[in-house]
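The values are calculated or read from the model by the stated rules, or taken from the named source; none is laboratory data. Everything numeric here is computed off the predicted structure, so don't read it as measured data. Don't worry about glycine lacking a Cβ; one is built from the backbone with ideal geometry, like all the others, and counts go over all protein chains shown. Only protein heavy atoms, including side chains, enter the accessible area calculation; ligands, DNA and RNA are left aside. Shrake-Rupley method; radii C 1.70, N 1.55, O 1.52, S 1.80 Å.
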Amino acid sequence: MHISFDKIRFKNFLSSGNVFTEIKLNKNKNTLIIGKNGNGKSLLIEAICFALFNKPYRNINKPQLVNSVNGKNMVVELYFSIGDDKFIIKRGMKPVIFEIIRNGTLVNQDADSRDYQEYFESSIIKLRHKSFTQTSIMGTASFVPFMQLTANNRRLFMEDLLSQQIFTTMNTLQKAKQTEIKTSLSELETEIKILVEKIALHQNFMNKIESDKGIQISDIQNKISLLEAENVTHEASISELQKTISELEKGLPNVDATKSKLEKLNKYEAKITNNKSQLEKTLRFFSSNDQCPTCKQDITLEFKSNAIAESNNGLSELENEFVLLNEYLEKYNSELNRALSIQKEISLKEREIYSHQSDINSNSRNIIQLEKELNKISSDDTLSISENEFTQLKQDHSTKIKEREDINKKKERMENILILLKDDGIKAQITRKYIPIINKSVNSFLEKMNFYVNFNLDEQFNETIKSRHRDIFSYESFSEGEKMRLNLALVFTWRAISKKRSSTTSNLLFFDEIMDSSLDYDGIDTFFKMIDDLGHETNVFVISHKTDMIDKFSNIIKVEKVKNFSKWTQQ
């Protein structure tokens, strides 16, 4: 499936202003985006990632995508086509916007935004964020090359690349069906068990009819009498418990009022504690100073004595208040504890009532069942009717046994299918088929870039890199330029494999400042030869602050800052 991105419009996105900027995405085979650092050259990548996946390309918070000057009305509109269908995805913040328009009609938005996004990724573009960035974007700032992905992310990406998601989906669906089958089997086993029990009971029932109906009736009546007597005992216990609860509730203090009083007393305690602290501070001051530290005047002995006396008197009064306060606190805390204890006792009694009531309900159900059985025995039904019912039960049992056999066969087929859908099943066979093709492609691209190493992925997507002399290297042991060549080879390989597999591909390929640091002149020349070979369905965008390669591009876009906003100019 090929996605052709036609154009993108955005406003109030990052450094863009309140007027829509529109960029054609499929007009030119290759486009150079130039500008100084900080002017917003990479804004285009961020806008496309946000529109498609509701997340930025770089590791930044989503709210930061809204232009900080205008602070609202951020909108991105991405236009693309898949086959004969034309799509527009509109996404924005402040206010939040998320719309998918197919051939001029808004796609149903009944589901919440996460389900709507999942539908968009799985059913429309059939592409995940990780797969899109690995096959369409390569840069120095936020680009995480395949070689630095975790093992799990490598596996997820390769599943997308080799169109193996269908097997994961099928595996999930089959597991759900397997769960349904297990549930059906469990329910069927219960039904069979019940039928067996019913058959046995019915057989006994017919035997009793033949032997002594009177003994059965007497036995059932005795059981009913015992259950009714138990219920009388339970009801008496409930009545006593209710009386006890009533008495306890009469002596139950007002918990809320007590808590309110304790709260006021605690506040008062804090207040007098603060007053005590102030008086102690005053006492320490006059006890330690004969002169005012501020105005340097002497403090008279009389004034000092009066101040000390007043402080001591105040402290004495506060001590008395503390004693009285503690008495009240002890009183109300005791009252609160008593109330909580009574509430706990009431709760225990209520649980006992619930237990007795449950027993009554259970006995009542049993009485009803016994009475039904008694009525049936006492009725004028003939033994032949019971025999007919017995025959029907046996037929039902046979039918259920046959259903169980059929479901077990279905379960066995399902288990065989699940074995095929495991990671070491069909997916492993597909991976085994494509790993040599991938390795051959990567090494071919590396050779084109004059990087003579032997690169190999195994079936778990772990790499081995050897030189001509069979020395083993790790990715981190290479220079930045060598790493860039290897990353380029992988990106070109992913796109080639996607095309070969008829997986989801797009016309976009971004290179963010890869020629500004890591690639030498020979590497840059090789790079241009490789993108020339990509074909007419690929639109390459190269982001750079270098201007000495303008003649190699069919289209130039200059990005500059004008009054704090990014301005995109076609040259």
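In terms of modelled amide H atoms, which long-range or inter-chain residues lie less than 5 Å from the amide H of Met549?
For Met549, no residues qualify.
Determine ³J(HN,Hα), in whole Hz, for all residues of region 305-311 in sequence, where each value follows from phi through the Karplus function 6.51 cos²θ - 1.76 cosθ + 1.60 and θ = phi - 60°; x replaces Gly and Pro.
After applying 6.51 cos²θ - 1.76 cosθ + 1.60, I find 5, 5, 5, 5, 5, 4, 5 Hz.
Along region 313-330, what does the Karplus equation 6.51 cos²θ - 1.76 cosθ + 1.60 (θ = phi - 60°) give for ³J(HN,Hα), rounded to whole Hz, x for Gly and Pro?
With coefficients 6.51, -1.76 and 1.60, one gets 4, x, 5, 5, 5, 5, 4, 5, 5, 4, 4, 5, 4, 4, 4, 5, 4, 4 Hz.
Straight-line reach from Lys410: which lysines fall under 17 Å, measuring Cα to Cα and dropping same-chain residues less than 8 apart?
Lys175, Lys177, Lys182, Lys400, Lys402
Under a straight-distance cross-link criterion of Cα-Cα below 25 Å, which lysines are reachable from Lys376, leaving out those fewer than 8 residues away in the same chain?
Lys193, Lys198, Lys208, Lys213, Lys223, Lys394
Roughly speaking, to the nearest percent, how much of the chain's 1.4 Å accessible area is carbon and sulfur?
49 percent
Is the C-alpha gyration tensor of region 165-281 telling us rounded, prolate or oblate? Criteria: a/c under 1.5 is rounded; beyond that, a/b larger than b/c is prolate, otherwise oblate.
Working: a/c = 9.67, a/b = 1.59, b/c = 6.09.
Because a/c hits 1.5 or more and a/b fails to exceed b/c, region 165-281 counts as oblate.
Mind giving me the FRET efficiency for Leu315 and Glu345? R0 is 45 Å, r the Cβ-Cβ distance, nearest 0.05 is fine.
On the way: r = 44 Å, r/R0 = 0.98.
According to the calculation, E is roughly 0.50.
Of (1) 28.2; (2) 53.7; (3) 33.3, which one was derived for mean projected area of the Cα convex hull in nm² from the structure shown?
It is the value labelled (2).
For region 266-338, report the accessible area per residue in Å² (1.4 Å probe, heavy atoms, rounded to an integer).
Numbers: 5370 Å² over 73 residues.
In whole numbers, region 266-338 has 74 Å² accessible per residue.
Work from the charge dipole of the chain (Cβ charges, +1 for Lys and Arg, -1 for Asp and Glu, about the Cα centre) and give the residue of Ser225, Ile3, Phe527 farthest towards its positive end.
Of the listed residues, the answer is Phe527.
Kindly count the pairs of lysines across region 246-321 whose alpha carbons are less than 19 Å apart, treating pairs on different chains or eight or more residues apart as eligible.
The result is 10.
Once amide H atoms are built 1.01 Å from N in the peptide plane, which residues 5 or more positions from Phe473, or in another chain, come under 5 Å H to H?
Ile465, Lys466, Ser467
Quick one: putting +1 on the C-beta of Lys and Arg, -1 on the C-beta of Asp and Glu, what dipole do you get for the chain around its Cα centre, in Debye to the nearest 20?
That gives a dipole near 3300 debye.
Check Gly17: other-chain or 5+ apart residues with amide H under 5 Å from its amide H, H built from backbone geometry?
Counting only residues 5 or more places away or on other chains, the set is Asn12, Ser566.
Of Thr538, Ile101, Ser239, whose Cα points farthest to the positive end of the dipole of the chain (charges on the beta-carbon: +1 Lys, Arg; -1 Asp, Glu; origin at the Cα centre)?
So the residue furthest toward the plus end is Thr538.
Once phi is turned into θ = phi - 60°, what whole-Hz ³J(HN,Hα) does the Karplus curve with 6.51, -1.76 and 1.60 give for every residue of region 276-290, x standing for Gly and Pro?
4, 4, 5, 5, 5, 5, 4, 4, 5, 5, 6, 6, 10, 10, 10
Restricting the count to DSSP beta bridges whose residues both fall in the chain, what percent are antiparallel, rounded to a multiple of 5?
Around 70 percent antiparallel, to the nearest 5.
Of the options Leu340, Ser358, Ser378, report the single residue whose Cα projects farthest towards the positive end of the charge dipole of region 292-391 (beta-carbon charges: Lys, Arg +1; Asp, Glu -1).
After comparing all options, I get Leu340.
If you place +1 on the Cβ of every Lys and Arg, -1 on the Cβ of every Asp and Glu, and leave all else neutral, what size is the dipole of region 183-329 about its Cα centre, to the nearest 20 Debye?
The dipole magnitude comes to about 540 debye.
Compare the peptides 410-417, 553-560 by average per-residue count of other Cβ atoms within 10 angstrom and give them in order, highest first.
In decreasing order of mean packing, 410-417, 553-560 become 553-560, 410-417.
Under 18 Å Cα-Cα from Lys411, which aspartates and glutamates qualify once same-chain neighbours fewer than 8 residues away are excluded?
Answer for Lys411, where 18 Å is the Cα cut-off: Glu180, Glu187, Glu189, Glu403, listed by chain and number.
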